[in-house]
Amino acid sequence: MEKTDILSLKLDELEALLVEMGEKKFRAKQIYQWLHVKRVFGFEEMTDLSNQLRLKLEERFCIKRLFIQKKLESSIDNTVKYLYRLPDGNFVETVLMEYNYGRSICISTQVGCKMGCRFCASAIAGFVRNLEPSEILMQIYETEKDSGIRVSGVVLMGIGEPLDNYDNVVKFLNLVSDKNGNNLSLRHVSLSTCGIVPKIYELAQLRLGLTLSVSLHSADNDRRSEIMPVNRTYNMHSLIKACRDYIDKTGRRVTFEYAVIDDVNSSDADADKLASLLRGINCHVNLIPVNKVKERSYKTARSGVEQFARLLNKRGINATVRRTLGSDIEAACGQLRRDAAGNN
């Protein structure tokens, strides 16, 4: 019999399985706290359980660990990038970032990505599969274990499109915020999407309290379709309508991510279009210098990004330039996995 991935189980699911095994319901909470509070990843270490129960757990369940394949530490800003090897031999990337308010972690939700955004390295090595809730969660637990640091914020902005792995991502959000376990407020979680419109509506209905970050990158429909193929299915105007619904349902401001690319989306006319599109929406624009990817020719200078921010602010749009972290260790997502996959 295939073992059950215990770290992907919510507390009520674990309770049901323990009762089915003939155990008392309260045992599930003990086990759950060993896993999510004490972070013990071997059943033999759960010392307040009987030897018989620990053996039964070993027979029925598995704990999926991640393994550090490569670790890069920035000498500039204390950013740490992990390349994690999954039990099946695939790789994902995780980045630990330092801010004035604490440490945030950027995690992956898929092995590869289907979306094909032209400026991103994540899709270059190809899409393989979705990550299970435990594999998303363990990027946090393994990084905290290695670094000795408790993260204060989580960003779902690594490899993969979170809303393309919707069910597993929502279950991860339930696990990471469970008061009986990790107990992280979802107000400290940001989910980044390229714009899968139906899932934005579904997410809004859940009213989870997290921040929705939408990768926009152009206010021109045709240009956005060129650099972000998802726009051919869910165009920009349907995306903005979904974002308005998210704001109305949740009361949360939406962040629009905008990678400024020389000679592509950085002109005065682009600023006019973006300001017209977003005017009146409770939002913030996060401007990003486009990441250097060796397979792509896109480039930008930070001075150009700062100039674009000034153009937007003059037009009444709240825009700031995102601090670039880990530039000396290729902290942008997808680059380590691409190289690792190419070597296998």
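The values are calculated or read from the model by the stated rules, or taken from the named source; none is laboratory data. Computed from a predicted model, the values in this text were never measured in an experiment. All Cβ positions, even for glycine, are placed from backbone atoms using ideal geometry, and neighbour counts span all protein chains on display.
Residues checked against (1) over 21 Å from N286 (Cβ atoms); (2) touching a His at 6+ places or on another chain (Cβ under 7 Å); (3) not assigned by TED's automatic domain parsing to the domain that holds L287:
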site	(1), (2), (3)
D222	yes, no, no
R232	yes, no, no
I247	no, no, no
R253	no, yes, no
A259	no, yes, no
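Checking each residue in segment 137-148 for being buried (at least 20 other Cβ atoms within 10 Å of the Cβ) and in contact with a Leu (Cβ under 8 Å, 6 or more places away or on another chain) picks out L137, M138, Q139, T143. Output the residue which, of all residues in segment 65-96 that are among the charged types (D, E, K, R) and assigned to a loop (DSSP other than H, G, I, E, B), is surrounded by the fewest Cβ atoms within 10 Å (Cβ to Cβ). It comes out as D88.
Got at least one residue in segment 13-20 being outside any helix (DSSP H, G or I), out of contact with any Pro (no Cβ under 6 Å at 6 or more places or on another chain) and not polar (S, T, N, Q)? No; the residues of segment 13-20 include none that is outside any helix (DSSP H, G or I), out of contact with any Pro (no Cβ under 6 Å at 6 or more places or on another chain) and not polar (S, T, N, Q). Put simply, of D146, D164 the only residue that is modelled with pLDDT of 95 or more, under 21 Å from P87 (Cα atoms) and not small (G, A, S) is D146. Among the residues of segment 18-41, those that are surrounded by 11 or more Cβ atoms within 10 Å (Cβ to Cβ), within 25 Å of L184 (Cα to Cα) and touching a helix residue (DSSP H, G or I) at 6+ places or on another chain (Cβ under 9 Å) comprise K25, R27, A28, K29, I31, Y32, W34, L35, H36, R39, V40, F41. Taking every residue in segment 43-64 that is on the phi > 0 side of the Ramachandran plot and surrounded by 13 or more Cβ atoms within 10 Å (Cβ to Cβ) and pairing it with any residue that is modelled with pLDDT of 95 or more and assigned to a helix (DSSP H, G or I), at least 6 positions away or on another chain, yields no pair with a Cβ-Cβ distance below 9 Å.
One residue is enough: does segment 169-177 have a residue meeting the conditions assigned by TED's automatic domain parsing to the domain that holds N265 and assigned to a loop (DSSP other than H, G, I, E, B)? Can you show your working first?
If we filter segment 169-177 for residues that are assigned by TED's automatic domain parsing to the domain that holds N265, which is where we start, we get 169-177.
Within this subset, residues satisfying the condition of being assigned to a loop (DSSP other than H, G, I, E, B) are none.
No - not one qualifying residue is present in segment 169-177.
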